[in-house]
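To start, the structure itself, in structure tokens.
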Number of protein chains: 2
Amino acid sequence: MQKRVPVAPDAAHCSTCMLGHVCVPVGMAAAEVEKLDELVKERVRLEKGKMLYSLDHPLDAVYGVRFGSLKTQLEDSTGQIQITGFHLPGEIVGMDGMLDGKHVSAAIALEDSEVCVIRLTEVDRVATHLPSMQQQFRRLMSREITRSHQMLASLGSMRSEQRLAAFLLNLSQRYASLGYSSTEFVLRMSREEIGNFLGLTLETVSRLFSRFAREGLIKINQREVRILDLPALKQLLGHEGC
Amino acid sequence: MQKRVPVAPDAAHCSTCMLGHVCVPVGMAAAEVEKLDELVKERVRLEKGKMLYSLDHPLDAVYGVRFGSLKTQLEDSTGQIQITGFHLPGEIVGMDGMLDGKHVSAAIALEDSEVCVIRLTEVDRVATHLPSMQQQFRRLMSREITRSHQMLASLGSMRSEQRLAAFLLNLSQRYASLGYSSTEFVLRMSREEIGNFLGLTLETVSRLFSRFAREGLIKINQREVRILDLPALKQLLGHEGC
DNA sequence: CGGGTTATTGAAGGCTATCAACCAAAGTGG
DNA sequence: CCACTTTGGTTGATAGCCTTCAATAACCCG
């Protein structure tokens, strides 16, 4: 089901990984990052559509996306699904459900992907000779709390066009910080997944993409997006209801 | 602005606090909880409406609610506010914004309240002779991640009556785990605050309360709530759209 | 008691969901 | 290689939920 590959001695470690500025080492001093190299002992390769973990699976690690992208989703007792995030390289998934030691969500690859396995026991072990490790892990978890709080603001107070604009701008910014184009990228998720994530239907998402394109804000061809008028998109968020 | 009171030597510590089963010590062995007693060196007393921390304030501690209740809220560039949570005794606030070391939200007392100050430096110090402290702190942060993800599901996929029912059931359960009545309690927040939190207007909230009362699900008098038909409220959540 | 906040209730309208048809692309199998 | 199927996306018409605007009522605190 999953391909687990041990990290070869000469393979990339945290200290040499291109994602250091956004992943686990974010904000750490270079000298400290060196001590992270034994943190990841294993990686998992996932084909598109494969599950990294799912509801009720025991939780003993979190995962840093190395390449590709994932979605994380909750499933309630009636089978209703809610996507809680789309995750690009450098982002950490699996940080919910630690209270009871089992996952309360599922993580699924949107494309062929690979993640670094960060075992919690390794985190604790590394922390013994790298005191800032604890603080670092708190910062990573805090980042996820902040992210989901901001999503709450989006779902709670924005209308459909604002949500989709915010979604595009958010992706744009994240791709930019990975060194990719901030104006031209490929959506790895379907209209239905975007709609689920944003609390909209797939039809509304599709209509909005069409409208944004008609108004010259973006150019969209299937899942290829080009942002044409970034300021106008930003303006959609700010000064609308006041 | 705030009253900061040092914890007297004979005052209640974590090991003797009635909230142990839901607060920082949640799930820890009794022998370990004893070592938490030096974690909290200070408490803050807040009058109704006072701010515990606000946007951009430096973050060096998190706070456990000792009595009373708080709301936490984001504020965007246009002044638009989104309430991200209501917090009862035993719950921890202030765990966002650690990435940049300053708060990205504000916490405000809904009634006269008191919180325990948990300095991050103390967390780290306690962890040196209580190895499970790290794990414990991760679990607390994970609880907040899970909570906000579930809120996302509520805002993303439920209709107004379901959101309000879920809100009432959630409060009911939290009061129950504090040893209070699960069927009779006082809402500490206004209709407007409930609406903001649930992504609804205050009028919709008011109408729904009236309707629930008319249908015999609850009895409501201003902010006093009595739940009359718990099963029916639960049924509102489950089997609606399928 | 009185002024201001908070809550309730009504009517109208807009936004988004729902239902449905159609289209395009990508497989599938003969 | 071409019908056929499947999946994902677009677009239209309609209905309904919830917001908005507005007026009234209840409550609270000085």
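Near the amide H of B:M189, under 5 Å away, which other amide H atoms are found, from residues 5 or more places off or on another chain, if H is placed in the peptide plane?
none
Ratio to report: Rg/Rh of chain B, with Cα atoms as the point set and Rh obtained by the Kirkwood method; give two decimals.
Details: Rg = 18.8 Å, Rh = 19.1 Å.
Reported Rg/Rh (Cα atoms, Kirkwood Rh): 0.98.
Could you run the Karplus curve 6.51 cos²θ - 1.76 cosθ + 1.60 with θ = phi - 60° over segment B:64-80 and give me ³J(HN,Hα) per residue in whole Hz, x for Gly and Pro?
With coefficients 6.51, -1.76 and 1.60, one gets x, 5, 9, 8, x, 7, 10, 10, 10, 8, 8, 9, 8, 4, 8, x, 4 Hz.
Please state the Cα pair-distance histogram of segment B:99-242 with 10 angstrom bins from zero: what percent is in each bin?
9, 32, 32, 17, 9, 1
Please report, to one decimal in angstroms, the Kirkwood hydrodynamic radius of segment A:158-238 built from all distinct Cα-Cα pairs. Walk me through the numbers before you get to the answer.
On the way: mean 1/r = 0.0798 Å⁻¹.
This gives a value of 12.5 Å.
Could you grab the relative contact order for chain A? Cα pairs under 8 Å, six or more apart, rounded to a whole percent. Display every interim value, and only then the final one.
Working: 402 pairs, mean separation 42.0, N = 242.
After rounding, I find 17 percent.
Report in % the part of the accessible area of chain B that belongs to carbon and sulfur, leaving out ligands and nucleic acids; probe 1.4 Å.
The value for chain B is 51 percent carbon and sulfur by accessible area.
How much net charge surrounds B:N170 when only other residues with a Cβ under 13 Å from its Cβ are counted (Lys, Arg +1; Asp, Glu -1)?
On the way: positive: B:R147, B:R163, B:R174, B:K234; negative: B:E91.
Net charge around B:N170: +3.
Taking a label point 7 Å out from Cα toward Cβ, give me the nm distances from B:D56 to the same spot in the other copies, shortest first, one decimal.
4.9
Under a cut-off of 19 Å between alpha-carbon atoms, report the lysines in cross-link reach of A:K71, not counting same-chain residues fewer than 8 places apart.
Those lysines meeting the cut-off are A:K3, A:K48, A:K50, A:K102.
Looking at chain A as a GNM with Cα springs under 10 Å, which of A:G85, A:G68, A:G97 has the largest mean-square fluctuation?
A:G97
Within segment B:178-219, list the GluC sites (Glu not before Pro) lying in a DSSP loop whose Cβ has at most 14 other Cβ atoms in a 10 Å radius. Working shown, then result.
Values: sites: B:E184, B:E192, B:E193, B:E203, B:E215; in loops: B:E215.
Those that pass, being in a loop and sparsely packed, are B:E215.
Quick one: order B:L99, B:L208 from most to least accessible surface, probe 1.4 Å. Don't skip to the answer; put the middle values down first.
On the way: B:L99 50, B:L208 10 Å².
Greatest to least solvent exposure: B:L99, B:L208.
Principal axis extents for segment A:109-182, Cα atoms only, whole Å, descending order, please.
That works out to 49, 29, 21 Å along the principal axes.
Work out the P(r) tail for segment B:88-150: percent of alpha carbon pairs separated by more than 17 Å, whole number. Intermediate values should be presented prior to the final figure.
Details: 1014 of 1953 pairs.
Counting pairs separated by more than 17 Å, the tail of P(r) holds 52 percent.
Ordered shortest first, which distances in nm separate the 7 Å Cα→C-beta label point of B:Q235 from those of the other copies?
5.2
Rounded, prolate or oblate for the protein assembly as shown? Axes are the square roots of the Cα gyration tensor eigenvalues, ordered a ≥ b ≥ c, and the cut-off for rounded is a/c under 1.5. Before the final figure, lay out each step's value.
On the way: a/c = 1.62, a/b = 1.07, b/c = 1.52.
Oblate shape, in that a/c is at least 1.5 and b/c is the bigger or equal ratio.
Of the trypsin sites (Lys or Arg not before Pro) in segment B:164-242, which ones lie in a loop per DSSP and count no more than 14 other C-beta atoms within 10 Å?
Details: sites: B:R174, B:R188, B:R191, B:R207, B:R211, B:R214, B:K219, B:R223, B:R226, B:K234; in loops: B:R188, B:R223.
The qualifying sites are B:R223.
How much mean residue ellipticity at 222 nm does chain B get from its helices, if each DSSP H run of length 4 or more adds -39500 (n - 2.57) and you divide by all residues, to the nearest 500 deg cm²/dmol? It would help to have the intermediate numbers written out before the result.
Values: 7 runs with 88 residues, N = 242.
Result for chain B: -11500 deg cm²/dmol, rounded to the nearest 500.
Given contacts defined as C-alpha pairs under 8 Å and at least six residues apart, what's the relative contact order of segment B:158-238, whole-number percent? Walk me through the numbers on the way to the answer.
Working: 86 pairs, mean separation 26.5, N = 81.
Once divided by the residue count of segment B:158-238, the mean separation gives 33 percent.
Tell me the volume per residue, in Å³, of the convex hull enclosing the alpha carbons of segment A:16-116. Numbers along the way, then the final one.
Values: hull volume 10.4 nm³, N = 101.
In segment A:16-116, the Cα hull volume divided by residue count equals 103 Å³.
Between B:S210 and B:D112, what is the label-to-label distance in nm when each label sits 7 Å out along the Cα-to-Cβ direction?
3.5 nm
How about segment A:105-164: which trypsin sites (Lys or Arg not before Pro) there are in a DSSP loop, with at most 15 other Cβ atoms within 10 Å of their Cβ?
Working: sites: A:R119, A:R125, A:R138, A:R139, A:R143, A:R147, A:R159, A:R163; in loops: A:R159.
When the trypsin sites (Lys or Arg not before Pro) of segment A:105-164 are filtered for loop state and at most 15 Cβ neighbours within 10 Å, A:R159 remain.
Could you report the buried accessible area between A and B, both sides summed, computed with a 1.4 Å probe and given in Å² to the nearest 100?
On the way: alone 12840 and 12880 Å², together 22050 Å².
Summed over both sides, the interface buries about 3700 Å².
May I ask you to report, in nm to one decimal and beginning with the shortest, the distances from B:N221 to the same position in the other copies, taking label points 7 Å along Cα-to-Cβ?
6.8
The values are calculated or read from the model by the stated rules, or taken from the named source; none is laboratory data. Bear in mind that the values here come from a model prediction, so they are computed numbers and not experimental data. Counting neighbours? That spans all protein chains shown, and the Cβs are built from the backbone with ideal geometry, glycine included. Accessible surface areas use protein heavy atoms only, side chains included; no ligands, DNA or RNA. Shrake-Rupley method; radii C 1.70, N 1.55, O 1.52, S 1.80 Å.
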